[in-house]
1. Does residue 48 qualify as being part of a loop (DSSP other than H, G, I, E, B) and within 22 Å of residue 121 (Cβ to Cβ)?
2. Report yes if some residue within segment 24-43 is within 14 Å of the ligand (Cβ to nearest atom), surrounded by fewer than 16 Cβ atoms within 10 Å (Cβ to Cβ) and closer than 19 Å to residue 177 by Cα; otherwise report no.
3. If only one of 93, 79, 38 is touching a Lys or Arg at 6+ places or on another chain (Cβ under 9 Å) and hydroxyl-bearing (Ser, Thr, Tyr), which one is it?
4. Only one residue in 72, 38 is of a type outside the set (A, V, I, L, M), touching a residue at least 12 places away in the same chain (Cβ under 8 Å) and touching a helix residue (DSSP H, G or I) at 6+ places or on another chain (Cβ under 7 Å), so which one is that?
5. Right, residue 89: within 30 Å of residue 148 (Cβ to Cβ) and among the basic types (Lys, Arg) or not?
6. Can we say residue 82 is over 25 Å from residue 185 (Cα atoms), open to solvent by less than 20 Å² (accessible area, probe 1.4 Å) and either assigned to a loop (DSSP other than H, G, I, E, B) or modelled with pLDDT of 95 or more (or both)?
7. Tell me, please, whether a residue that is among the β-branched types (Val, Ile, Thr), open to solvent by 60 Å² or more (accessible area, probe 1.4 Å) and within 14 Å of the ligand (Cβ to nearest atom) can be found in segment 165-180.
8. Evaluate segment 138-145: report whether one residue or more is under 30 Å from residue 48 (Cβ atoms), without any contact (Cβ under 8 Å) to a residue 40 or more places away in the chain and not β-branched (Val, Ile, Thr).
Amino acid sequence: MRIGLFGGTFNPIHLGHIQVVHEVKEGGALDRIILIPSALPPHKEPGGVADARDRMEMIRLAIADYPDFTVSDVELERSGPSYTIDTVRHFKSALPEDTALYLILGIDAFLEIDTWKSYMDLFLLVPFIVMARTDAGDDDPVLRWQTLENYLKSRISKGYQFSASRSCHVHDEKQPVFVYNVTPVDISSTKIRQLIKKGSTIRSLVPKIVEDFIKTKGLYL
Ligand code: ATP
């Protein structure tokens with residue numbers, strides 16, 4: 001079984017998350033995706049972050065039609081901030097030994113990985129799948145992947161070598177880092193929260209059922 005772990009604040013989950021991770025699942029021949037909302041995001045200001053249980057519920061609603069997607073409350077059950085290293089260790093011990101785990105994340109998140117707790121251990125534990133997402137001023141895929149390569153070699157290890165045939169940076173002792181071009185989806189949770197504050201519609205950015213939940217609960221006003 002090949003399982004992709006996809007963590008984030010999901011404040012709120014949006015169609016960009018679903019679209020890109022679905023593409024990664026199909027393209028990378030993964031069997032299952034586990035979405036993992038973080039409790040107190042260590043990299044984000046706590047103000048403006050919806051209650052963890054509400055973020056979890058919005059994910060549950062959004063993935064109801066995706067049988068290969070599940071949501072995990074593992075980070076909500078732990079006290080204190082959520083660290084990816086603890087989450088990966090949890091799944092490594094909780095899942096059968098022949099499970100192949102992959103950590104899926106956007107390139108923006110990956111390029112900050114040297115600020116994460118025990119990040120060097122992560123490179124020993126789990127392969128990464130890094131998705132490129134569009135950001136203003138950074139829409140050249142060649143440049144973007146070059147940035148990732150430079151980052152890997154300068155901050156993680158000089159030993160990483162790109163294997164074009166596998167679309168992957170390989171290393172003798174560390175886990176591979178796959179790069180994956182996803183269809184650009186210019187949606188972010190930040191944009192959604194800003195639109196809600198302005199009283200604008202978010203209809204095309206989140207599943208209808210999530211929009212209804214946000215309205216009913218009065219989130220992000
Ligand atoms: P925010 O705007 O609050 O920072 P976000 O939209 O980036 O939120 P997160 O919950 O932080 O959402 O994202 C979880 C993961 O999904 C991250 O690895 C992020 O890079 C990735 N991601 C989010 N939106 C997209 C998108 N439109 N395309 C590709 N990856 C995305």
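The values are calculated or read from the model by the stated rules, or taken from the named source; none is laboratory data. Everything numeric in this text was worked out from a predicted model, so none of it was measured. When we count neighbours, we look across all protein chains shown, and the Cβ atoms used for this are built from the backbone with ideal geometry, even at glycine. Quick note on the areas: whole protein, heavy atoms, side chains included, nothing else; ligands and nucleic acids left out. Shrake-Rupley method; radii C 1.70, N 1.55, O 1.52, S 1.80 Å.
1. Values: part of a loop (DSSP other than H, G, I, E, B): yes; within 22 Å of residue 121 (Cβ to Cβ): no.
Against the criterion (part of a loop (DSSP other than H, G, I, E, B) and within 22 Å of residue 121 (Cβ to Cβ)), residue 48 does not qualify.
2. Yes, segment 24-43 contains a residue that is within 14 Å of the ligand (Cβ to nearest atom), surrounded by fewer than 16 Cβ atoms within 10 Å (Cβ to Cβ) and closer than 19 Å to residue 177 by Cα.
3. Values: 93 fails: touching a Lys or Arg at 6+ places or on another chain (Cβ under 9 Å); 79 fails: touching a Lys or Arg at 6+ places or on another chain (Cβ under 9 Å).
Every option except 38 fails the conditions.
4. Details: 72 fails: touching a helix residue (DSSP H, G or I) at 6+ places or on another chain (Cβ under 7 Å).
One residue alone meets the criteria, 38.
5. On the way: within 30 Å of residue 148 (Cβ to Cβ): yes; among the basic types (Lys, Arg): yes.
Spelling it out, residue 89 is indeed within 30 Å of residue 148 (Cβ to Cβ) and among the basic types (Lys, Arg).
6. On the way: over 25 Å from residue 185 (Cα atoms): yes; open to solvent by less than 20 Å² (accessible area, probe 1.4 Å): yes; either assigned to a loop (DSSP other than H, G, I, E, B) or modelled with pLDDT of 95 or more (or both): yes.
So residue 82 fits the description; yes.
7. Narrowing segment 165-180 to residues among the β-branched types (Val, Ile, Thr): 170, 177, 179.
Filter once more, keeping what is open to solvent by 60 Å² or more (accessible area, probe 1.4 Å): none.
No, the conditions are met nowhere in segment 165-180.
8. Kept after step one, since they are under 30 Å from residue 48 (Cβ atoms), are these residues of segment 138-145: 138-139, 144.
Keeping just the survivors that are without any contact (Cβ under 8 Å) to a residue 40 or more places away in the chain gives 138, 144.
From the residues that got through so far, the ones that are not β-branched (Val, Ile, Thr) too are 138, 144.
Among the residues of segment 138-145, at least one is under 30 Å from residue 48 (Cβ atoms), without any contact (Cβ under 8 Å) to a residue 40 or more places away in the chain and not β-branched (Val, Ile, Thr), which makes the answer yes.
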